[in-house]
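Here is the structure we will look at, set down as structure tokens.
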Amino acid sequence: MLSFVAAAIIGVAIGILSGMLGIGGGTVMVPLFRLAFGLDPLAATATSLFSIIPTSLAGLSKHLRNGTCIPRIGLICGCAGACASPLGVLAATHSPNWAVMGGTSLVIGYSSITMLRRGIAAVRAERAAAAVSPSKAAGAGADATASKAVGACAEGVKDPEGACSSIEAAHVAMTTRTVAAMIAIGLIAGFMGGYVGVGGGFIMVPLFISVLGISMREASGTSLVAVCILAVPGVIEQALLGNVHVSVGLAIAVGSMPGSILGASLVKRIPESALRLLFASFLLVVAVILVLNEVVG
């Protein structure tokens, strides 16, 4: 019982990061299961996938209410990822332990460096914007008002003339090229998610921002839409293989679900640049911890 309570408390912190950063929580769960619970790499990745689904669903419910996600993009990426996730699981079952953890570290480390560069650029852009003239600042206020109007429209509010453009149309045109990009992102995230036992958010969030051009806030929520879908086939496959530790996974989920709702609520309160830097720093720390554990262990 003491271990269950401790795991649930840790799960709250994992959930907050999940809901706030759109990562599903697997990037924390895998090293946690490996280091704190002593699970072997394959069991750690399998149990992580199991816990990711309820954690992501809880955070997603809040993102949907807040309007900080683009469901259409998440659905496309999630369905594509669901096709590739079992292949990642299959590859993991035929890989040595060091390869699974090494692959996790490399992919997470690459994502962290990419996001860190973008976070620093965002900070510089915000500082430059703060130095604009009052007239330009007023124009920026008008843009912000327009942005709020788009968000309201996405929630079903129309202007007096009945015009309403969805948030998807405002940010990403659903052309053949962009849909192909979404499918590619989903396939990559699904395979890597199945291989290293995470939801794939650590890959999707940076790609949503760099390839599709959406904000960090929307990338976080949209990632959780995809994670909820693409993790399912991998969990089923891992469960059939007997790799999922259900009791440990449930203990984490008990805390991560309310934590994820809280994290999703914080997204609107934290500056865009701070979210990017937090995401990058968090991933970098996890990658280093995984490498050190495999080298020392």
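The values are calculated or read from the model by the stated rules, or taken from the named source; none is laboratory data. All values derive from a computational prediction rather than experimental measurement. In this analysis, Cβ positions are derived from the backbone assuming ideal geometry, glycine residues included, and neighbour counts consider all displayed protein chains. These accessible areas exclude ligands, DNA and RNA; they are computed on the full protein's heavy atoms, side chains included. Shrake-Rupley method; radii C 1.70, N 1.55, O 1.52, S 1.80 Å.
Would you rank 237, 218, 126 by solvent-accessible area, highest first, keeping every protein chain in place and using a 1.4 Å probe? Walk me through the numbers before you get to the answer.
Values: 237 45, 218 20, 126 85 Å².
Final ranking, largest accessible area leading: 126, 237, 218.
Hey, could you get me the Stokes-Einstein D for the range 64-113, Kirkwood radius over alpha-carbon pairs, 10 °C and 1.306 mPa s, rounded to whole µm² s⁻¹? Estimated via Stokes-Einstein, D reaches 120 µm²/s. Within the range 5-48, list the residues whose amide N lies under 18 Å from a label point set 7 Å along Cα→Cβ of residue 268. Only 19-22 fall inside the zone, counting backbone N under 18 Å.
Taking packing as the residue-averaged number of other Cβ atoms within 10 angstrom, the listed peptides 175-183, 84-92, 222-230 run from highest to lowest as 222-230, 84-92, 175-183. For the range 74-85, backbone phi angles converted through the Karplus equation (6.51, -1.76, 1.60; θ = phi - 60°) give residue-by-residue couplings of x, 5, 5, 5, x, 5, 5, x, 5, 6, 8, 4 Hz, Gly and Pro being listed as x. Taking 0.36 nm per residue of sequence separation and removing the Cα-Cα distance, the residue 130/residue 97 pair yields an extension gain of 7.0 nm. The packing ranking of peptides 10-23, 47-60, highest mean first, is 47-60, 10-23, where packing means the average number of other beta carbon atoms within 10 angstrom of each residue.
The simple Förster model, with R0 at 35 Å and r as the Cβ-Cβ distance, assigns residue 9 and residue 106 a FRET efficiency of 0.70. In sequence order, the range 231-243 has phi-based couplings of 6, 4, x, x, 5, 4, 5, 5, 5, 5, 7, x, 9 Hz under the Karplus curve 6.51 cos²θ - 1.76 cosθ + 1.60, θ = phi - 60°, and Gly or Pro positions carry x.
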